[in-house]
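A short reminder: the numbers here are calculations on the coordinates, not readings from a lab. As the structure is a prediction and not an experimental result, all values here were calculated from the model. Cβ placement follows ideal geometry from the backbone for every residue including glycine, while neighbour counts extend to all protein chains displayed.
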Amino acid sequence: MNNLLQKIDLIIHSVYRKEEYPVLAWQMEKWNQTKPLQGLSVLDATPIFRNTLIKYKALLLAGADLSVGVGDKLPADETVVKKLKSWDVPLIFPTEKERRFDLILDCAASFSDLNARLGYVELTRSGVEAYLKKENPVYIADSGKIKKIETCLGTGESYFRAMKQLGYHDWKGKNLVVFGSGKVGFGIIVYAHKLGANVTVITELSSVTAQVREYAAEIIGLNEQSRITDVIQKANAVVTATGIVGAAGKVCPPEILVNTSAILANMGVEDEYGASIPNEQVLNHKSALNFILEEPTQLKYMDATMALHNEGAVYLVNHPESKGEIIPPQETENEMLDISRRDGMIGDELVLIL
């Protein structure tokens with residue numbers, strides 16, 4: 001294990017500053033002493049990118065016998081996957097249903113068909129339903145405040161970072177249309193406002209918060225088709241962030257989207273434009289745009305989320321009586337948020353969402 005930790009450290013220390021991952025650094029220091037996962041087999045199925053290596057390091061220092069989950073549905077940087085393979089880290093696929101682990105740290109229920117003796121930790125809300133029929137407990141890292149850092153701030157920032165990589169970097173006075181005003185949509189709205197864009201939000205009006213109203217220039221309901229058509233025709237860019245298959249195509253006539261001069265992008269897991277809109281008309285062929293980046297979400301926004309995902313494993317070890325869906329304890333989240341505010345780089349941004 002020491003050899004593996006050294007290889008991970010070489011990458012971490014050459015790329016990141018400790019202020020980018022204060023919560024994981026705190027977790028590593030603590031777990032290196034207490035070894036809460038000593039001798040336990042742990043499958044981690046977090047999307048595999050360079051910054052995920054820090055999450056693995058925390059689990060290894062906790063004493064975990066670590067395997068890494070890979071599969072078609074899980075985003076991954078193939079360069080990092082190849083490194084893990086060359087380092088002899090066991091790579092597990094969802095089809096290996098005969099495999100047994102003590103704990104599975106999952107994403108989008110990709111490994112819900114595999115057995116985890118002590119339970120599961122799920123990273124996303126979309127994966128929860130698959131676990132509710134199981135006897136083993138599932139700790140939902142997406143249920144509290146911390147996940148908003150990644151989904152609001154991290155995803156919002158990464159949309160504009162990806163657009164900049166593609167050459168679209170001047171947003172002042174530009175017309176941006178955002179479908180959806182949830183966590184991801186709100187993050188995009190906040191960053192668009194900071195960059196000087198005129199933001200129109202198309203969403204379910206009953207879900208609109210005071211924060212969305214503060215940053216959006218215009219808000220349009222889902223049934224206002226003539227207004228939707230008008231803003232799409234005048235838009236410089238359109239981005240979907242609803243989490244709903246075909247959402248844009250359901251409320252805007254497909255021919256309007258097909259013929260618009262606006263730059264179309266999606267930031268959701270699903271195809272939010274629908275089959276009537278050709279894949280090639282949407283950046284990254286309708287896949288989430290930030291996955292064209294080397295780091296789809298910057299470490300400073302992922303830090304607390306990855307630490308909370310790890311923390312779920314220790315919770316299950318310490319609470320063998322647990323059943324069903326488990327919400328992260330408020331005191332756990334508050335402690336991590338305090339560390340992030342005190343020692344991290346995003347304290348001034350946290351006030352926007354918490």
Starting from the Cα gyration tensor of region 206-316, take the square roots of the eigenvalues, sort them a ≥ b ≥ c, and report rounded, prolate or oblate (rounded when a/c is under 1.5, otherwise prolate if a/b is larger than b/c, else oblate). prolate
Cross-link list K97/K286; K145/K174; K30/K300; K82/K148: which exceed 27 angstrom alpha carbon to alpha carbon? K97/K286; K145/K174; K82/K148
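Test of understanding: ordering H309, H285 by Cβ neighbours within 10 Å, fewest first, what list do you get?
Ordered by Cβ neighbours within 10 Å, fewest first: H285, H309.
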Loop-only trypsin sites (Lys or Arg not before Pro) in region 104-193, please: DSSP not H, G, I, E or B, and at most 10 other Cβ atoms within 10 Å. K133, K172
Using only Cα atoms, find the angle between the long axis of helix 2-15 and the longest principal axis of the chain, and express it within 0 to 90 degrees, rounded to the nearest 10. 30
Does the chain classify as rounded, prolate or oblate by the C-alpha gyration tensor (a ≥ b ≥ c root eigenvalues; a/c under 1.5 gives rounded; else a/b over b/c gives prolate, otherwise oblate)? prolate
Rounded to the nearest 0.05, what FRET efficiency do I292 and E321 give with R0 = 45 Å and r taken as the Cβ-Cβ distance? Could you check? 0.50
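How do T52, T200 line up, fewest other C-beta atoms within 10 Å first?
Values: T52 21, T200 25.
Final ranking by Cβ density, sparse to dense: T52, T200.
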Angle, helix 225-234 long axis vs. longest principal axis of the chain, Cα atoms, 0 to 90°, nearest 10? 90
All-pairs alpha carbon distance profile, region 95-183, 10 Å steps from 0, percent: 15, 34, 22, 19, 9, 1
Under 13 Å from the Cα of K323, which aspartates and glutamates turn up, not counting those fewer than eight places away in the same chain? E135
How large is ³J(HN,Hα), in whole Hz, for each residue of region 82-97 in order, when computed from phi with the Karplus curve 6.51 cos²θ - 1.76 cosθ + 1.60 and θ = phi - 60°, using x for Gly and Pro? 5, 4, 4, 5, 5, 8, 6, 6, x, 9, 10, 10, x, 6, 7, 5
The residues R213, R99, sorted from fewest to most surrounding Cβ atoms within 10 Å, come out as R213, R99
Folded to 0 to 90 degrees: helix 155-165 orientation relative to the chain principal axis, Cα: 70
